[in-house]
Amino acid sequence: MSLKKRVSQPYEIKGVDALFGVEEAVDNSSAAFLISIKQIVLPHQQPRRYFAPQAMHELVESIKQHGILQPLLVRPQKDGKYELVAGERRFQGAKTAQLEFVPAVIREMTDVEALELALSENLQREDLNPIEETESIVALLGLKLNQTTESIVALLQSAAHPEREAVDNVIHSQEWQSLLEVFNTIGKFSPESFRTNRLPLLKLPIDVMEALRSGVIEYTKAKVIARIKDEALRKSLLSDAIQNNLSLSQIKERLAEIQANTPENTDKKSSSLKKKIDEAYSKVKKSKVWDNPNQHKRLQKILVELEALLVESSDDN
């Protein structure tokens, strides 16, 4: 028998029903039920993966004192359980607070409607981290345009060069118009700003991406650190940046130092120095320094220092 009790005062679902044409999935006049928390299961595809520990602690304390002020949204399953659609933070907070029952609005909806609504709710959260936000927007675009992530990325990239004639065909296509509708509804990015500032996050090295996903580093810093190809050097700078809370300018300075000391740049420096010495030697032979007794002393001093340097180099080898 289902452990479900009607809540005497209806709850109101706010903020998620106006997005992306899913208002039929949520009825603000619908009453919530108290459902056994043991009957609620998480969906296979969850847009949200990380919750800030401090924020979760505060939520748990609030739930302990005041209960859940806004109900969860769930959909019924064939086995008598309910799949969570929206409100995972509240659900996890309720579990931590050891609640037996939680208020929830029960709605029938398709897999696509459920995922779309879950993504929509997450996009409205202020504390959604950049990786999750980017993945959620790409997933939403995929749902709306019925395309894969790869196709969505390719569509966004196809408009990156407005000087090309092919771009005109892209931006006047029905796909692009549908894409614009989604970005206009989100209201936070244009396709160009999203392509430039957010799509690169999906190609970050795993270590940098996980640090960004867990909220321990800002995405502007993460993008700079990701430029380091050497894994050991990258992890070292990433750890240093997190532990010492390095500023963006400090990270850029460290990056410049690392790049300057790479074998490739060291070889370039050596080649450049050799070229300068050859040029200087050629100029000295052609100059009149030999004919000027006043400059012989300085030239002799330079030769002594050069010979000493050569001796040191020979000893090192």
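In sequence order, region 170-181 has phi-based couplings of 5, 6, 9, 7, 5, 4, 5, 5, 5, 4, 4, 4 Hz under the Karplus curve 6.51 cos²θ - 1.76 cosθ + 1.60, θ = phi - 60°, and Gly or Pro positions carry x.
Summary value for region 66-194: 16 percent relative contact order, contacts being C-alpha pairs under 8 angstrom separated by 6+ residues. 3J(HN,Hα) along region 186-192, derived from phi through the Karplus expression 6.51 cos²θ - 1.76 cosθ + 1.60 where θ = phi - 60°, amounts to 5, x, 10, 9, 9, x, 5 Hz, with x in place of Gly and Pro.
Amide H to amide H, with H built 1.01 Å from N, ILE40 comes under 5 Å of TYR82, counting only residues 5 or more places away or on other chains. Amide H contacts of PHE101: ILE37, each under 5 Å away and 5 or more positions distant or on a separate chain (H built 1.01 Å from N in the peptide plane; Pro and chain starts excluded). The phi torsions of region 204-209, fed into the Karplus equation with coefficients 6.51, -1.76 and 1.60 and a -60° offset, translate into couplings of 5, x, 4, 5, 5, 4 Hz, rounded to whole numbers, with Gly and Pro shown as x. Shape analysis of region 94-133 places it in the oblate category; the axes a ≥ b ≥ c from the Cα gyration tensor give an a/c of at least 1.5, with a/b not above b/c. When the pairs LYS275/LYS297; LYS203/LYS229; LYS276/LYS301; LYS38/LYS78; LYS229/LYS252; LYS203/LYS252 are compared against a 22 Å limit on Cα-Cα distance, LYS275/LYS297 fall above it.
How long is the gain from THR196 to LEU310 if the chain were fully straight, where each residue apart is worth 0.36 nm and the alpha carbon distance is subtracted? Write out the running numbers ahead of the final one.
Working: separation 114, 0.36 × 114 = 41.04 nm, distance 5.11 nm.
Once the chain is fully extended between THR196 and LEU310, it gains 35.9 nm.
Amide H contacts of PHE33 (H built 1.01 Å from N, in plane; Pro and chain starts excluded): VAL7, ALA104, VAL105, ILE106 sit under 5 Å, all sequence-distant by 5 or more or on other chains.
Each value in this text was obtained by applying a stated rule to the coordinates, not by laboratory testing. Remember, predicted model here, so these are calculated numbers, not experimental data.
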